[in-house]
Structure formats: structure tokens, C-alpha cells
1. For the pair Asp55 and Ala125, how long in nm is the line joining their label points, each one 7 Å along Cα→Cβ?
2. Would you mind checking Lys129/Lys154; Lys49/Lys145; Lys42/Lys129 for any pair whose Cα atoms are more than 21 angstrom apart?
3. Find the accessible area per residue for segment 98-146; the probe is 1.4 Å, ligands and nucleic acids are left out, and the unit is Å².
4. Quick one: in segment 37-144, what % of C-alpha pairs are over 22 Å apart?
5. By per-residue mean of other Cβ atoms within 10 Å, what is the highest-first order of 54-61, 144-151, 101-108, 65-72?
6. Tell me, what % of the accessible area of segment 35-162 is carbon and sulfur with a 1.4 angstrom probe?
Amino acid sequence: MTFSFERFSATRRLILQGAGAVALAGLGNLIALPALAAANDKYPEDAFKQKGDKDAIQALYGRSAEASDKVKLDAPEIAENGAVVPISVTTTLENVTSISFLVSGNPNALAASYQIPEGTLPVVANRLKMQQTSNVIAVVEAGGKLYSATKEVKVTVGGCGG
């Protein structure tokens, strides 16, 4: 039995072409899927442009939130650096669909908003920029209602303004 390099080269070439086509098709799917997912999610641009916290909540949810002891907001009483203020929120409420953070004294009140998938623990932590001493508000949407917790954070070194 003789070995033919010409036959092997043709087979090798076909294998490489096929592998390349499969890789490109896979790459195309990776690029298209996030774009499709992003097209289905509406970015709340208007809410992020609001100056006041009540206006931002109204633009984001279309209604106001009521204070609740079931929303636990953890934030420092004094933030030594307003550029990185650690905050977190937890809740015992059921059917949580979103959690948002607002900073009353910032140029734009809405700092972050998260969609919470079903079956996910409703716990969110972040580091916010704060321009000045002001209230930090956590808003939790659960069961079609809005609940909130508020805490004043004193800022000693500015974050948003320098």
C-alpha cells in the first residue's frame, strides 16, 4: 500500500476549511446573541437623566416607593472617599424583579439599576460615586410594588465633582 501526499493534502485542506467555517459560524452566533438580548432589554435612559430621586423613581418605575423594614441598606455613615462608597442591599421580600440605587445629592440621582432574574437571591452590592453628603436610597420592586430604604452618608472627600 502506498501513501499519497496529494490525497492527504486535499483531505487536510478540506478539514481546515471546514474547521474554519465552523469557527466563523460559532463566532457569528456569539456576536448575534448579545445583540439580540440587548435589543429586548430597554435601557432606562430617561431615568438616568433625572436630577431628583423622586423624578428618577417615577421615570424608572412609573410610581413611588414606600419605606419598608424588609429592605436592608448597608452603607457607611461616613465615606472617607466619595469616589468609592461601598453599599449593598438585601431583602426578605419575595418575587423581587429589580433593585436600584439612587443618590439624592448627585447631579443625576439614579446611580444603578439591576434586573433580578427569577430564582436569584435578591442581594446587590456596588461602589457608588457621591458628590456630597446626601441620602442613598435603595428601591426594590417585588410583587409589582415598590419598597425602599434610605440612609444618609456623610462624604469627607468628593467623588463626582473631584
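The values are calculated or read from the model by the stated rules, or taken from the named source; none is laboratory data. Every value quoted in this text rests on a predicted model; they were computed, and no experiment measured them. Don't worry about glycine lacking a Cβ; one is built from the backbone with ideal geometry, like all the others, and counts go over all protein chains shown. Calculation scope for accessible area: heavy atoms of the full protein, side chains included, ligands and nucleic acids excluded. Shrake-Rupley method; radii C 1.70, N 1.55, O 1.52, S 1.80 Å.
1. Here the answer is 3.4 nm between the modelled labels.
2. Values: Lys129/Lys154 12 Å; Lys49/Lys145 23 Å; Lys42/Lys129 24 Å.
Lys49/Lys145; Lys42/Lys129, as the Cα separations exceed 21 Å there.
3. Working: 2210 Å² over 49 residues.
Accessible surface, normalised per residue, equals 45 Å².
4. Numbers: 1733 of 5778 pairs.
Tail of the P(r) past 22 Å holds 30 percent of the pairs.
5. 101-108, 54-61, 144-151, 65-72
6. Details: 3530 of 7290 Å².
Ligands and nucleic acids excluded, carbon and sulfur reach 48 percent.
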